[in-house]
Amino acid sequence: MPTGASQPFYLQDQPSPQFNLELDNSYFLVKLHDAQTFFQANFLGKADLVTFSSSVTSSFQPNSPTQSLHQISTIQRNTPCRLGLSTNLTEWLPARSSDSLRINIKYTVLQGKPIQKFVDHIKQADWVAKLSLRPDWAVAVKVTDIVGRLLSYLAQEGSQQNPFTLVMDFNVADLKTGYYLVYGSHSDEDWPSPQFLQIDADKRLRDKSSGSSLSRLSYAVIQVLGIKRLSQEEFRDEPWWLLLQTVKEHILDSVLTTELERRQKIGEWLFVLRRVKELALKRHEFLLSEIQEIIAAAQIEVETKLQPSITAEAAGIGDELPDDLQDLLGVETEGELQELVRDYQDALEISQQLLEQYKLLGD
């Protein structure tokens, strides 16, 4: 009858993922799908509250862990306390093979009664998330500095103990879409074998050998989702994207009356593309392949404007692009350029469908 926490593992008995990650060519997002904590009747007799918080550290932002406070509940001994909500732990991140991720789930027991001062503090704080004032004080706050202050504040109001922590370490190269689980107990309990654990049709964690819902264990279930490409909305605040769109629209709206004007616009466009790529490559939150595709899509629009009398069909789809464009776009011929943009549009459509299935649009 062990104590402590298990290693995180991928649940073998679960619905088939809607999308499989492609390393260096897709994005992933991590959600906290479900969580539960359990305390025996004789555990910490003077304890009043338990907080459920998480911290995510990644190689994307190694010095800036994202801390979230998910729930504050009164302790009910011998009764499992479930989180009761699903929340994102990360934004969409590129599935780069060289990156890593650590998720730390912590249950903190508070002794003392800081509730009233906690309420007063909330009223004074600059909240950006809704707080449901129910008996379980359910919250879902993803503003790290506020969460950090709140947890520190609560600790000052009464003594605290950290009886249970669940840690999940992932190398993105080994990450799969679907459900992962880590579970354990602070006291001696029977742990089910991992092969008997499943996510059922209602997306609840079950022990299929007994049909139980693991009522005497603490656990956390996370879900990894994947998409091929981000939507255009994700780039609208990016300086490189704004520069690309602004210059593209300026060229598309221009009236060219001479060959000299056309050549000047071509030179301006090539200069802008170089600058756009330089700026974009500094943003590690985006896939290099998607940056290339966005630039390629803009190139085709501008090319049609600046060379209206020479279509790809007339010139021949096998015609080589100028050397400077080959370097910028990562393709050699007009046909490859068009194929790249078609594949990008298909990927965007698939990603839109996946987002609708995940019900994440507007999150």
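The values are calculated or read from the model by the stated rules, or taken from the named source; none is laboratory data. Everything numeric here is computed off the predicted structure, so don't read it as measured data. As a convention, Cβ positions derive from the backbone with ideal geometry for all residues, glycine included, and neighbour counts pool all protein chains shown. Calculation scope for accessible area: heavy atoms of the full protein, side chains included, ligands and nucleic acids excluded. Shrake-Rupley method; radii C 1.70, N 1.55, O 1.52, S 1.80 Å.
Among the residues of the range 150-182 satisfying the criterion of being part of a helix (DSSP H, G or I) and among the acidic types (Asp, Glu), which is modelled with the highest pLDDT? Checked the range 150-182; the qualifying residue modelled with the highest pLDDT is 174.
Here residue 177 fulfils each of the conditions (1) touching a strand residue (DSSP E or B) at 6+ places or on another chain (Cβ under 9 Å); (2) open to solvent by 20 Å² or more (accessible area, probe 1.4 Å) apart from (2). For residue 258, the conditions (1) open to solvent by 10 Å² or more (accessible area, probe 1.4 Å); (2) closer than 30 Å to residue 18 by Cβ; (3) of a type outside the set (Asp, Glu) are fulfilled apart from (2).
Number of residues in the range 289-304 that are free of Cβ contacts under 8 Å to residues at least 60 places away in the same chain and within 15 Å of residue 95 (Cα to Cα) equals 1. Of the helices (runs of 4 or more DSSP H) lying entirely inside the range 241-358, those containing at least 1 residues that are touching a helix residue (DSSP H, G or I) at 6+ places or on another chain (Cβ under 8 Å) and of a type in the set (Asp, Glu) span 259-280, 288-306, 323-329, 334-358. Please state which one of 305, 228 is basic (Lys, Arg) and modelled with pLDDT under 90. Checking each option against the conditions leaves just 305. Tell me, please, whether a residue that is crowded, with 21+ Cβ neighbours inside 10 Å and under 21 Å from the mean Cα position of the chain (by Cα) can be found in the range 232-239. The answer is no, given that none of the residues of the range 232-239 is crowded, with 21+ Cβ neighbours inside 10 Å and under 21 Å from the mean Cα position of the chain (by Cα).
Being assigned to a loop (DSSP other than H, G, I, E, B), of a type in the set (D, E, K, R), open to solvent by 10 Å² or more (accessible area, probe 1.4 Å) and at pLDDT below 85 is a property that holds for residue 190.
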